[in-house]
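Read the structure below first, then the notes.
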Amino acid sequence: MNIPMALLKQFKTPFGIIRVLRDRDGTLAYYQNGCFHSQSTARGISLCAYAHVLCEIIRQKKACKVLVIGCGGGNVATMLRRHQMDVTVVDINPMAFSIARDYFAMPNDVVCITQNGLTYVRTIKERFDAVVIDVFDSHNNVPSGFTTKSFLGAARKVLRRGGVLIMNTITKNDKDHGADVIARHVNAAGMKTTIYEWSKEKDRNALIVGGTVKNISIPSGKEPAFIKQQLKKLVMR
């Protein structure tokens, strides 16, 4: 019998209801407006394979400075920071940062900026080795503003030479070509594209990478044991 996760804390925010749930094994999940966003160990290590693939690509690119658009439980930022990278996270909801720190072990030295990610990317003068876009609406779709050629062109300008842009998306099944549409927009913005996704799975993550991934090895063998089974269905195209 499956025992549901227990509600640990609920937060009413200007952008909806955030719930933190805890499983019997101590893992924690982050839901916003009833939509699942992430699950991790108490130390902030994601149980979602996409986060490990994303972080491993950035690690193998030898990135030092990373921009993450979208906080959620802060798992991606936490894992990147533990690889000794300087991490800046941007989210429109300031409560996401305190929740990520208090419940999901996001380090205090992760730089947190409250702003619309669309505006931030278009106005900053800083440059980064990697830009991660991990933003979803209440229907598990990437908001359309983040997929336009205009925005993606602005994101490309934020990258240092040799840098990568990685966008997390959700596709329903093998017949859902939404990731391919976004990848074409990334390509039109001047970046070579690669897609990492989980073949035959339903409602799966698809990572769209803008920039070269030559000599990137996924899986690398450095992933946690509990992720390795999930990586068996990973395909790159």
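Details
- Whichever residue in the range 76-114 is at negative phi and of a type in the set (S, T, N, Q) and, among such residues, is surrounded by the fewest Cβ atoms within 10 Å (Cβ to Cβ): N108
- Residue list for the range 17-35, filter: loosely packed, with under 15 Cβ neighbours inside 10 Å and either closer than 21 Å to D91 by Cβ or within 15 Å of the chain's Cα centre (by Cα) (or both): I17, N33, G34, C35
- When the range 1-16 is filtered for residues that are surrounded by 11 or more Cβ atoms within 10 Å (Cβ to Cβ), aliphatic (A, V, I, L, M) and part of a strand (DSSP E or B), the ones remaining, listed by number, are L7, L8.
- Residue count for the range 122-157 under the criterion of being in contact with a Phe, Trp or Tyr (Cβ under 7 Å, 6 or more places away or on another chain) and surrounded by 17 or more Cβ atoms within 10 Å (Cβ to Cβ): the result is 3.
- Check on V142, part of a strand (DSSP E or B), closer than 20 Å to F36 by Cβ and touching a strand residue (DSSP E or B) at 6+ places or on another chain (Cβ under 9 Å): no
- Extreme residue, nearest to R161 (Cα to Cα), among residues of the range 178-213 that are among the aliphatic types (A, V, I, L, M) and not in a helix (DSSP H, G or I): M191
- Being at pLDDT 95 or above and in a strand (DSSP E or B) holds for only one residue in C71, C112, C55, and it is C112.
The values are calculated or read from the model by the stated rules, or taken from the named source; none is laboratory data. Given the structure is predicted, the values throughout are model-derived calculations rather than measurements. Every residue, glycine as well, gets a Cβ built from its backbone with ideal geometry; the counts of neighbours run over all protein chains shown.
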